[in-house]
Amino acid sequence: MSVDDRTVILLGDYDYEYFREVSLREGLESQGVTVKECRYRDEPLFIGVRKLLLLPFFYGVVLRRLWQLSREGDIDAILVTKFNVLMLPAAALAAWWLDAILIYDLFVSLYRTGEMRGYASWKVKVVHWIERITLRLPAYHLTETAEFARLYTDLYSLPRERIVGLPLGADDTWFHPREDSPFDSFTVVYWGNFLPHHGLDTVVGAIDRLRDEDVDFVFLGEGPKLDCIRERIDGLDVSNVEFRGRVPWEELSEAAAGGDVALGIFADDPRSRASITNKVSEGVAAGTAVVTMRSPAIEEWFTDGEDIVLVPPEDPDALADAIRDLRDDPETCDRIARQGRERYESVFSIEHIGELLVEQVPLSRGES
């Protein structure tokens, strides 16, 4: 069977415009695969009492839709989107019935997410138990990096060869180089969700060390660590830091491409060491020099000093030095920004993500 003959069902409750799902859908389509959708909600519903109560209804919706799609032609694979471990039993039943291969996007561990957000320990244990059972159903799992694949192999006792690292790209609609910058001085930009594993305490330490130098910092976004970080910045009594909160996509796009440096993550945490993160992919896509922590996941795709700048985790001195070096050497800053964008185009584009997916994951039972 050729690629052009394959039909894959994208199944889940997901935001149609969220880039992970966009990259899966359009990446497959770029390789000639027909993608049909079985979306039972317009946005993700995190695992909890409400989702459990609605599960029989969701199962009915999904199975009915899959039956309708099967009448339109053969289905070769069902790809269940992230957060949807509770849908895996229904998807596995449908895959058996349709003689299709079942794939799950293990992009995010719900157990690790609940733990990170401080959920009650019993809830975290229940989620972990649910995941350990349901994650045995798919034939293959997708995740972000080879490092995450190793992490999930240990965490869920899954076969390593059945977990495929598929890098997270960036939406080129918003994250691309621009001619103009909204900033008048050398500016370091951070955007994201202010999560504990992003290591923003390290950024605060770097700001303190650069307090008397010509470097501005702009923070965009919100999240659980935002208030804590703002309090720490206020305590430094510096005037070169601006918090803008959650902003429209156009403003984020301008800031990402207009900054001189984009920041990644800096925490010495297993999830951080395994992740590339959205902000790094988006920063290189925007054509901005990215500084982030050194980790196996980052070094899997980038080269320090060529298309990115890497520093040790949780080292504010090293981060401050890296920012200072880029400020003092505009030629190197521009070169890293340019080569980062080239790396994005060669590795993180939707087309390349599609190539990796069809090369590494059998999209029919005959190939598995």
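From 132, 136, 64, grab the single residue that is of a type in the set (D, E, K, R), assigned by TED's automatic domain parsing to the domain that holds residue 8, within 25 Å of residue 49 (Cα to Cα) and touching a helix residue (DSSP H, G or I) at 6+ places or on another chain (Cβ under 6 Å). If you could, list the steps in order and put the result at the bottom.
Working: 136 fails: touching a helix residue (DSSP H, G or I) at 6+ places or on another chain (Cβ under 6 Å); 64 fails: touching a helix residue (DSSP H, G or I) at 6+ places or on another chain (Cβ under 6 Å).
Exactly one of 132, 136, 64 is of a type in the set (D, E, K, R), assigned by TED's automatic domain parsing to the domain that holds residue 8, within 25 Å of residue 49 (Cα to Cα) and touching a helix residue (DSSP H, G or I) at 6+ places or on another chain (Cβ under 6 Å), namely 132.
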Considering every residue within region 144-151, establish whether at least one is of a type outside the set (Lys, Arg), surrounded by fewer than 20 Cβ atoms within 10 Å (Cβ to Cβ) and under 17 Å from residue 301 (Cβ atoms).
-> yes
Looking only at region 79-112, which residues are in contact (Cβ under 8 Å) with a residue 12 or more places away in the chain and surrounded by fewer than 18 Cβ atoms within 10 Å (Cβ to Cβ)?
-> 89, 93, 99, 108
Could you tell me whether any residue of region 281-289 is more than 30 Å from residue 154 (Cα to Cα), part of a helix (DSSP H, G or I) and either free of Cβ contacts under 8 Å to residues at least 40 places away in the same chain or touching a Ser or Thr at 6+ places or on another chain (Cβ under 6 Å) (or both)?
-> no
In the set 362, 313, 330, the lone residue that is more than 30 Å from residue 77 (Cβ to Cβ) and either assigned by TED's automatic domain parsing to the domain that holds residue 34 or crowded, with 18+ Cβ neighbours inside 10 Å (or both) is 313
Failed condition for residue 174, given (1) over 21 Å from residue 16 (Cα atoms); (2) touching an Asp or Glu at 6+ places or on another chain (Cβ under 9 Å) | (1)
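In contact with a Gly (Cβ under 7 Å, 6 or more places away or on another chain) and of a type in the set (A, V, I, L, M, F, W, C): does that describe residue 183?
So residue 183 passes the test.
The values are calculated or read from the model by the stated rules, or taken from the named source; none is laboratory data. Keep in mind that this is a model prediction, so the values were computed, not measured. Note: ideal-geometry Cβ built from the backbone for every residue, glycine included; neighbour counts use all protein chains shown.
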